[in-house]
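Each value in this text was obtained by applying a stated rule to the coordinates, not by laboratory testing. Because the structure is a prediction, the values reported are computed rather than measured.
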């Protein structure tokens, strides 16, 4: 059950970063971000993920949870491909596979 919360934490962080990226499309300067709703959506999602991280630290070893946060790279790959039209390359897949292997090794 705890791993589901880890997946949710990493998804929230990735979605937060996605909305930050989305808000830069209309950005004319740093202060113009304050007028872009997706900037606030990104902030809320990012903070929610960070708060989940803090809560999860109570139940998991830091040496396990922190490397597991790299799962966010998987979410980012999927989100950027689906919603930003970014290409998934062989190098990206290889990198993600190595991340997954590392997470598996750390949690065993």
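Observations, loosely collected:
- Relative counts (whole %) of C-alpha pair distances in the stretch 2-107, using bins that are 10 Å wide: 15, 39, 32, 14, 1
- For the chain, calculated [θ]222 nm from helices alone, where every DSSP H run of n ≥ 4 adds -39500 (n - 2.57): -25000 deg cm²/dmol
- You can think of it this way: the chain between residue 83 and residue 98 has 3.0 nm of extra reach, that is 0.36 nm per residue less the Cα-Cα gap.
- Stretchable slack from residue 5 to residue 58, in nm (0.36 nm times residue separation minus alpha-carbon distance): 17.8 nm
- Look at where the Cα atoms of the stretch 64-108 and of the stretch 1-43 average out, and the two centres are 18 Å apart.
- Seen against the Cα atoms of the chain and their longest principal axis, helix 90-107 is set at about 50 degrees.
- Degrees, to the nearest 10: 2-23 long Cα axis against longest axis of the chain: 20 degrees
- Helix 37-57 axis, angle to the chain major axis (alpha carbon atoms, nearest 10°): 20 degrees
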